[in-house]
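As structure tokens, the structure follows; a few thoughts come after it.
The values are calculated or read from the model by the stated rules, or taken from the named source; none is laboratory data. Here the structure is a predicted model, which means the values were calculated and not measured. Quick reminder, even Gly has a Cβ in these numbers, built from the backbone with ideal geometry, and neighbours come from all protein chains shown.
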Amino acid sequence: MTKKVEFLFDFGSPNAYLSWKVVPEIEKRTATKFQYVPVLLGGIFKATNNVSPVIANQGIRNKGEYQFLEIDRFVTKHGLSKFKFNPHFPVNTLQIMRGAIAAEKENILPKYLDAVMAAMWEDGKKMDDPDVIKVVLDAAGIDGAHILARIGEADVKAKLVANTENAVERGAFGIPTFYVDGDIYFGKDRLRDVEEAIAG
């Protein structure tokens, strides 16, 4: 029986991007498709009294440097040479996460993911600027004006809120978060465990 595998993501997390790049390899090896679930990381942080690692590591000698070392190792291991830390970080992702909900409703989420992930973590775009968002989406063959219009719709806003609240209720406290038949795994370093859970 195929297991239900969910990938909760927010474009603001570099580790979500890094995981997203590796997930297709896992899907191929396990013959299992991941379900991408857009959530708002800021909402998760607020609900769980959590903060980003950049803030959490302030004043802790060596820890921040180690986390960047871990990213470098992951990038090297998986050959992710296009990865580039976004110069505008932290980026307010509310618009592009609502856009992910709109894209999901229009059955173009994979195409939208490709465009926005690359803009954020390969091309260093300022993805909280509506003009930049429109240019990125248009270049990817997505109607940017249409998506930007949809992010203001009540059902789109409500769905992102519901996804985020549901994530917290299920134990999420950060991104990326994965579920395999309801069992939670956090972080890109748990992808091996996710794959083992799928195979097991």
Top-ranked residue in segment 16-53 [being among the polar types (S, T, N, Q) and under 22 Å from GLY182 (Cβ atoms); ranked as surrounded by the most Cβ atoms within 10 Å (Cβ to Cβ)]: SER19
Single match in GLY43, GLY59, GLY64 (criterion: at pLDDT below 95 and either of a type in the set (Lys, Arg) or part of a helix (DSSP H, G or I) (or both)): GLY64
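To keep it simple, each residue is scored yes or no on (1) modelled with pLDDT under 95; (2) surrounded by fewer than 17 Cβ atoms within 10 Å (Cβ to Cβ); (3) of a type outside the set (D, E, K, R); (4) over 25 Å from VAL54 (Cβ atoms).
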| position | (1), (2), (3), (4) |
| --- | --- |
| GLU104 | no, no, no, yes |
| VAL116 | no, no, yes, no |
| TRP121 | no, no, yes, no |
| GLU153 | no, yes, no, yes |
| GLY174 | no, no, yes, no |
| GLY182 | no, yes, yes, yes |
| GLU195 | no, no, no, yes |
Odd one out for LYS4, checked against (1) touching a strand residue (DSSP E or B) at 6+ places or on another chain (Cβ under 8 Å); (2) surrounded by 19 or more Cβ atoms within 10 Å (Cβ to Cβ); (3) farther than 16 Å from PRO176 by Cα; (4) not small (Gly, Ala, Ser): (2)
LEU8 being touching a Leu at 6+ places or on another chain (Cβ under 8 Å) and of a type outside the set (Gly, Ala, Ser): no
Single condition LYS125 does not satisfy, out of (1) outside any loop (DSSP other than H, G, I, E, B); (2) more than 14 Å from the chain's Cα centre (by Cα); (3) among the charged types (D, E, K, R): (1)
